[in-house]
Amino acid sequence: MNTEDILRLADLNMAEFVREMARWNAAGEIFEQDDLVLTKGVSRFPSTNVAISLSSTVDKPGDDTFERIKSFYRERKSGFSIHIRKHADAALESICKQEKLLLVSEAPGMMIDKPFPDTKIAEGIEVRQITEVSGVVDFASVVIESYQSLDLPPYVGKKIFAAPERLLKPSNHIIVAYDQDQPVSAAMLIFSHSIAGIYWVGTVSGARGKGLAEACVRAVANVAFRRGAPLVVLQASKFGAPVYRRMGFTEFTSYPWYMSFDQPPRELAAEN
């Protein structure tokens, strides 16, 4: 698969993840027009309200994309975030900087195109596929606790996963690692556009350093390959990127992530 195809499919998979998050709440909104995807989630907090351009041509100065994004969220009295594609959104990123949006992550886009060999995991750990609502609740508990390290407020996480039954779909594959029946690590796979993407990888603070997140990533990636995906992609956090490189993932672009708050974070938290 050539680089252009990898970039296009990875962009499409990430956009599907953005849509999927909006679908997890009955009040979620998804708006698409002229290659621009805009979602409104369960909170005014920016990470639940995401904009991403899917234009196949590199943007140009003077493009009205940013104004369209800002107008959509202004009407909804909400903060928002923009996922920038480093390979296609130079002008849009320039405007994000001019408007002093907060850069929260550079997020390397990474991929693997072959399955991982079977490896042993720590004694007492069981990695389970999640097929019931109770397991999704366990998955959410891991994500909510672990993503505090990436500045996701717990109240926002609880809102994102407030309807766990909505995550159980054939296009989603959820893995949770348990230590003596306690959920300690997790990862999620989303199939779309012939490939698979890995999202929501995390380990609770008391169980880190044991390779559990790596085990979950190996497990979901191998599911993707068994189901015929030619490659698996992800957008790495600052903590995950070194691990993924060691595992054999290669970087093909980056996805800077900018946020615009309609209120200071402390005031948002106080309302919740």
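The condition of being modelled with pLDDT under 95, under 24 Å from Pro108 (Cα atoms) and among the hydroxyl-bearing types (Ser, Thr, Tyr) holds for only one of Ser185, Ser237, Ser254, Ser194, that being Ser237.
Of all residues in segment 132-188, those satisfying the criterion of being among the polar types (S, T, N, Q) and either touching a Ser or Thr at 6+ places or on another chain (Cβ under 6 Å) or surrounded by fewer than 18 Cβ atoms within 10 Å (Cβ to Cβ) (or both) are Ser134, Ser146, Gln148, Ser149, Ser171, Asn172, Gln180, Gln182, Ser185. Taken over segment 190-223, residues that are within 17 Å of the chain's Cα centre (by Cα) and free of Cβ contacts under 8 Å to residues at least 60 places away in the same chain amount to 7. Please verify whether Ile69 is without any contact (Cβ under 8 Å) to a residue 60 or more places away in the chain, buried (at least 20 other Cβ atoms within 10 Å of the Cβ) and out of contact with any helix residue (DSSP H, G or I) (no Cβ under 8 Å at 6 or more places or on another chain), treating the condition exactly as stated. Spelling it out, Ile69 is indeed without any contact (Cβ under 8 Å) to a residue 60 or more places away in the chain, buried (at least 20 other Cβ atoms within 10 Å of the Cβ) and out of contact with any helix residue (DSSP H, G or I) (no Cβ under 8 Å at 6 or more places or on another chain). The residues on offer are Ala224, Ala229, and the sole one that is in contact with a His (Cβ under 9 Å, 6 or more places away or on another chain) and either hydroxyl-bearing (Ser, Thr, Tyr) or at pLDDT 95 or above (or both) is Ala224.
Val58 - would you say it is part of a loop (DSSP other than H, G, I, E, B) and either among the aliphatic types (A, V, I, L, M) or free of Cβ contacts under 8 Å to residues at least 12 places away in the same chain (or both)? Taking the combined requirement at face value, the residue satisfies it.
The values are calculated or read from the model by the stated rules, or taken from the named source; none is laboratory data. The structure displayed is predicted, hence computed values, not measured ones. Because the Cβ atoms are built from the backbone with ideal geometry, glycine has one as well, and the counts that use them run over all protein chains shown.
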